[in-house]
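Each remark here refers to the structure printed beneath this line.
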Amino acid sequence: MDPLPASAGSRGELGRLLQAVLTSRGQANAVFDILAVLQSEDPEDIQEGVRTCSRLFGTLLEREELFVGSLPREDTVLAGSQEATQKYKVWMRHRYHSCCNRLEELLSHPSFQVKELALKTLMKFVQLEGGKPLEKPQWESHYLFPRTLFRSVVGGLLIPEDDQSLLISQFCEYLEYDDIRYHTMQVATSTVARATSQQPEVSLTFWNNAFMLLSAVSLPLQERDLTNFYVQHAETSDKWKVIHLKEHRKAFQEMWLGFLKHKLPLSLYKKVLVTMHDSILPHLAQPTLMIDFLTSACDVGGAISLLALNGLFSLVHKHNLEYPDFYQKLYGLLDPSIFHVKYRARFFHLADLFLSSSHLPAYLVAAFAKRLARLALTAPPEALLMVLPFICNLLRRHPACRVMVHRPQGPELSADPYDPLEKDPARSQALESCLWELQTLQQHYHPEVSRAASVINQVLSDPEVSIASLLELTAYEIFERDLKKKTAGSVPLEFIPAKGLLGRQDDLCAQFFTLS
Amino acid sequence: MGKAKRSGARRQVHKAPAGAFGGPAKANPNPFEVKVNRQKFQILGRKTRHDVGLPGVSRARAIRKRTQTLLKEYKERNKSNVFMDKRIGEYNSNISPEEKMMKRFALEQQRHHEKKNIYNLNEDEELTHYGQSLADIEKHNDIVDSDSDTEERGTLSAELTASHFGGGIHNTSQKEGEDGDKPKSRKELIEELIAKSKQEKRERQAQREDALELTEKLDQDWKEIQTLLSRKSQKSENKEKKEKPQPDAYDMMVRELGFEMKAQPSSRMKTEEELAKEEQERLKKLEAERLRRMLGKDEDENKKKPKHISADDLNDGFILDKDDRRLLSYKDGKMNIENVQEQQSKEAGGQESDQKEDEEEGEDESREDTEESDGSDSHSDLESNTESEEENEKPKKEQHQTPGGQLPSNGQKAPKAAGAELPYVFAAPESYEELRSLLSGRSTEEQLLVVERIQKCNHPSLAVGNKAKLEKLFGFLLQYIGDLATDSTPDFKTIDKLTVQLYNLCQMFPESASESIIFVLRDAMHEMEEMIETKGRALFPGLDVLIYLKITGLLFPTSDFWHPVVTPALMCMSQMLTKCPVLSLQDVIKGLFVCCLFLEYVSLSQRFIPELLNFLLGILYIATPNSKSQGSALVHPFRALGKNSELLVVSDKADVTTWQKGSLSLHWASRLSTVTATKANHIRLSCLASCLTLLKHCVLMYNGLPSFHAIFQPHQTLLTEHLVNCSLPQDLQDLSGSILSEMESQKQHCRPLICEKSKPVPLKLFTPRLVKVLEFGRKQGSTKEEQERKRLIHKHKREFKGAVREIRKDNQFLARMQLSEIMERDAERKRKVKQLFNSLATQEGEWKALKKKKFKK
């Protein structure tokens, strides 16, 4: 065996080593030199090394020159009296292992190129190893998947130290394959469980990584045979779990439940709840298992409970969940900040949905209308343009509530009977009150708001006004719309001539401000 | 397919029997064959088509037709080959047998004559050119040139059309007539035609030439006589002579004088009271218009009638929208106009401007001169006079509009020295940089003078492009003001003065001014929107935006229900108050300024502004210590807790006593870095004071609103808590006390809401609808298209029924035929069987007879 130069960094050198290992078994020890490059400091060298390893072990896997079966200890085999080929295979399998371990470590390398390359190489090994399994099948058509290797890959993605979001998005392209998805779900479940059991405080980055990976998993909606495999199999068997969507769903459910049972950071809570109704709930085997999570989220208050409503509603609507205080909770959520939060459109969309039933009691609807009208007194125009039609729609849906805008023989009251502080809509006495707020808003400075509020002066027309287009309305859009409106005549001008910036003496600005 | 064939056949049948059998049917009206459809009532004007019919005849006709077509088809149903008779005229009865023979013979000859050899040139073949035989052309040898073709003017002679475009009845009859003698071939006919038309053309040409010659001769003659007549009549000369004589100088003068304006009696000079009254009326009218716009009721009516445009209008945007023809008036026995001129000369910056105007007038005059030399119209000098008058009068107009009030300091005190240094004529700046270079580094007065002179030098009446230049000037000035405001030391004094200029420009060019204001507002909004999208909140914009908003309020009526500039500006302010969190004292001042603006905008229309009240509540909140103010309903952008939730709380009690009530300086809004703690505390207190005063304004303004208490309830609770906090100066405590009492004194009236009664929907009436009957027998009361549709539907139905009937009859006919066939076959068979039996019987008989014979023997 030739003594090899220690600094085998250059590409030519590595190529030569690779050739040497692959051509003759006598020169197998050159593997050590290749593996040594992986430990290098320079990312370029590492990349070169990874590529060489990929080529080397890829070829070896294809040639089936690695030991198959449960791996015996290296020294016992070398000392034992087996065939030389057998010894070589065992030895090479050990090198393969050490290479995989190093690659897993490289998944948390600071350079992204290295990380990406390591991930790709590992996934290539997964594919090759799956095709020519390194363990013996125990029975006919036994489904074999390189679980250990794959676990190390996922483990490398879900680390508590670094933000792996970029790498995970790279990994997402593998999630297209059904087998990879299935095993990712399984492995992620166990990884999360292990990470949380080992230490009581888990870092935010770990949760973010885990959420990133989990939310990337999406199951197909239709029932069909899942045969889009990353690891190619000559023939598939009906007995394999990985083929059935039901099994996938089970794994999916386990994964999410395992994830959600931990105490999540607040920002993550929101993210989960935002995606809950359309990407998690429909794929669960038993959606009702989410009830606990959603009800506790609903009790948190603020934006979180607002978001939890969505999931809760789909449970009530589709899975027959009984939730007695639902409307009371919704009523409690109505406070002045509702018009300013980011999820305004979503909330009102849902509220519209919740209140769309014509079987709701009139007192409840009246309470909602009155509360919304009260809140409208503090709302900006873009919200008013949405909430005023909303209130009118409520009145249209429930003719019993029309007394709030039309009470012909009602006595003149000295105070509004409505109690804004009452938490129970049933006792708020909204039905005895009138919507004076809308009458107030007829004096609003924006012409469109004023017009929208003036609708109640006439008898309400029957067809409802669709508010879908108004939900996302922003002030900027209104501004632009106002600008686009064209007047027929010329622009009216002020006829009192200007005398200066602050105007005359009695003007407000001149009273409060000076130019000096 | 069969149906189509059949229907086609049916149509044929309609005609054919009319020729063939119509005659006999009429000739022999068998009364037993006629069927009469008797009508119950005679209706006038109705045409009955089926009153008499001949069922037997028509049935026979139908059967015949079927035997000719359907039966034939039926009999040949299994046969694929067809026998075709190609003999010429075998079935044509029109051709006589001799002719038939002739044609057959000709065809035979032709077959014999087919060319055997293509190289054989000597065969009798005609050479042609454009379809005409060359030999014929040689014979005629009079080719008319192509130019003469135009004389035909596209009309073709009747014969030509007739021969080319088909043979009508006329043609055929002619042909038949000609058939008697020798029938001409088509080729011959066409040749004849061409020859004829050419001859005609030639004749026409000759005729015209003759006429032309004659006219020329006549003209010649007339000219000879004309010299004798020349002095007799002017009229005839004018008419006949080609070139006019040079106009007489005297004539010109006379005509010019005739067109010149005569001195017209002016209306009498008005007294001062009358003037004041007029002014008041004008204001009243404007105010009424403003009110109408504020209520926004009649937006459709709002469309103003197009203003009368005088014939002299140059269409340069200079509009005399008020009747500002100056009326002479006396003041203290002196003519008012002098005053005005004095005033104006002062405004313009002293004597210099007078001089300048002189210069200008000089220019004008020279211009007039050139115009006069053009001699285009004699109005030019009149017009320019009025223009210059208007120029003079403009500042006076301003004075008129502010009775009793003096113009603050519109350059009145402009030092002569400063003015002397400035050039008198400025070119209008083409870019913002130009304007800036003109203005920067000068004192306020000088800047004003410069702007004023730019306006004067580029008055729209002076040159064509001036309007656009001044329109641009507005935008540049606005930008300049913005720059001044964003400066580290904002020059408010200049801005203050420039607003007047802006107002004047805006009055001249409302459209472009509104456009440039909209432009800056959109810029500001866009900036904010970008910030909101990226960060979720925005910062308070710079002072320039606030100044723009203020200027908007000065230039445009803010009380309108909808205004193309003011409504977006309101949106902009709303956005500022809701989306910009208050982070520093500057933000507080800016916010309060916006509040102030907001209130000023709605001071006349008394409209409701939720954002404003939210903001004031927030200001009150940050002026109270957190421990006390917990639990009040705060609205975005304020937070209940956080580092800015005690921004206005006075840190040192000692400063409270030293605080003096004063107004806020706008300078503080731009930079407030180097102030002492005491000063900061004073500013805090001033902010609070203005906030409370604004709140009081709001309370007074909104006390008529139905949900007054619901609106002010949070303010009320906060103020009562505030009062407990006694660390405020006495002034402020008094103020908040008065606000509270004002709030409490407001009675709550909760009148139940009632919808306006809508008009009851009228019941359906059952009086008959009267429709004009245009045509009897048609379905009435619908549009033309509908009638046409109905007609087509009806026709389709009828045709469909007819077709079904036909098919049914066809089937019956076929069945009958088949039956008769079967019967025939059966009869045949029976006959044969009988025959067989007969022969057998005879055989048997013979045999028996033979046997008997044998037996006998």
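The values are calculated or read from the model by the stated rules, or taken from the named source; none is laboratory data. Keep in mind the model is a prediction, meaning the values are calculated, not measured. Cβ placement follows ideal geometry from the backbone for every residue including glycine, while neighbour counts extend to all protein chains displayed. Areas reflect the complete protein model, heavy atoms only, side chains present, ligands, DNA and RNA absent. Shrake-Rupley method; radii C 1.70, N 1.55, O 1.52, S 1.80 Å.
Exactly one residue out of A:ARG344, A:ARG407 is open to solvent by 20 Å² or more (accessible area, probe 1.4 Å), in contact (Cβ under 8 Å) with a residue 24 or more places away in the chain, touching a Pro at 6+ places or on another chain (Cβ under 8 Å) and within 12 Å of another protein chain (Cβ to nearest Cβ), and it is A:ARG407.
Which one of the conditions (1) more than 7 Å from chain A (Cβ to nearest Cβ); (2) more than 35 Å from the chain's Cα centre (by Cα) does B:SER516 fail to meet, given that it meets all the rest? Every condition holds for B:SER516 apart from (2). Going by what's in this entry, would A:SER461 be described as more than 8 Å from every other protein chain (Cβ to nearest Cβ), of a type in the set (Ser, Thr, Tyr), assigned to a loop (DSSP other than H, G, I, E, B) and within 46 Å of the chain's Cα centre (by Cα)? Criteria met by A:SER461.
Under the condition of being more than 8 Å from the chain's Cα centre (by Cα) and within 16 Å of A:VAL202 (Cβ to Cβ), the residues counted in the stretch A:262-276 number 8.
Only helices (runs of 4 or more DSSP H) whose full extent lies in the stretch A:128-198 are considered here, and the ones with at least 3 residues that are touching a residue at least 12 places away in the same chain (Cβ under 8 Å) and open to solvent by 40 Å² or more (accessible area, probe 1.4 Å) are A:165-171, A:178-198. State whether the residues of the stretch B:671-682 include one that is in contact (Cβ under 8 Å) with a residue 60 or more places away in the chain and crowded, with 19+ Cβ neighbours inside 10 Å. No. Output the residues belonging to the stretch A:31-68 that are assigned to a loop (DSSP other than H, G, I, E, B) and more than 21 Å from A:MET123 (Cα to Cα). Correct list: A:SER40, A:GLU41, A:ASP42. Based on this model, can you work out whether B:GLU452 counts as facing chain A (nearest Cβ under 10 Å), assigned to a helix (DSSP H, G or I) and at negative phi? Taking the combined requirement at face value, the residue does not satisfy it.
When the stretch B:708-731 is filtered for residues that are at pLDDT 85 or above and among the small types (Gly, Ala, Ser), only B:ALA710 remains. So, in the stretch B:81-100, exactly how many residues are open to solvent by less than 100 Å² (accessible area, probe 1.4 Å), at pLDDT below 80 and out of contact with any Lys or Arg (no Cβ under 9 Å at 6 or more places or on another chain)? Qualifying residue count, the stretch B:81-100: 0. Examine the stretch A:496-508 for a residue that is part of a helix (DSSP H, G or I), among the hydrophobic types (A, V, I, L, M, F, W, C) and free of Cβ contacts under 8 Å to residues at least 12 places away in the same chain, and state whether such a residue exists. Yes: one or more hits. Any idea which of B:LYS65, B:LYS72, B:LYS103 is farther than 30 Å from B:GLN818 by Cβ, modelled with pLDDT of 80 or more, assigned to a helix (DSSP H, G or I) and of a type in the set (Lys, Arg)? Answer to the selection: B:LYS103. The set of residues in the stretch A:431-449 being closer than 20 Å to B:PRO568 by Cβ, more than 8 Å from chain B (Cβ to nearest Cβ) and buried (at least 20 other Cβ atoms within 10 Å of the Cβ) consists of A:VAL449 alone. What do you reckon, is A:LEU122 surrounded by 14 or more Cβ atoms within 10 Å (Cβ to Cβ), under 27 Å from the mean Cα position of the chain (by Cα) and assigned by the TED database to the domain that holds A:ALA36? Against the criterion (surrounded by 14 or more Cβ atoms within 10 Å (Cβ to Cβ), under 27 Å from the mean Cα position of the chain (by Cα) and assigned by the TED database to the domain that holds A:ALA36), A:LEU122 qualifies. Only one entry of B:THR552, B:THR567 meets the criterion of being over 21 Å from B:LEU718 (Cβ atoms) and more than 8 Å from chain A (Cβ to nearest Cβ), and that entry is B:THR552. Taken over the stretch A:410-430, the criterion of being open to solvent by 60 Å² or more (accessible area, probe 1.4 Å) and either in a helix (DSSP H, G or I) or farther than 16 Å from B:HIS749 by Cβ (or both) is satisfied by A:LEU421, A:LYS423, A:ARG427, A:GLN429.
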